[in-house]
Amino acid sequence: MPQMAPLNWLNLLIYFIMIFLITNSLNFYSFMYMQKTSSMKKTNQIKINWKWL
């Protein structure tokens with residue numbers, strides 16, 4: 001492939017890895033988590049008394 005001769009394969013590998021890492025980090029940090037409030041924690045708590053007989 002004479003068209004690819006001037007390109008260094010190590011530079012291409014580093015280039016594609018950097019693009020991969022940048023897109024993954026942008027995707028990870030663009031997601032916003034919903035914060036749980038204290039009122040939701042109070043409603044979800046179930047108290048069970050276990051007794052061993």
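The values are calculated or read from the model by the stated rules, or taken from the named source; none is laboratory data. In this text, all values refer to a predicted model and were calculated from it rather than measured experimentally. No Cβ is skipped: glycine too gets one built from the backbone with ideal geometry, and neighbour counts run over all protein chains shown. In case anyone asks, the SASA skips ligands and DNA or RNA and just uses the protein heavy atoms, side chains included. Shrake-Rupley method; radii C 1.70, N 1.55, O 1.52, S 1.80 Å.
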Inter-label distance for residue 10 and residue 31, nm, one decimal - labels placed 7 Å from Cα along Cα-to-Cβ: 3.6
47, 36, ranked by accessible area, largest first (probe 1.4 Å): 47, 36
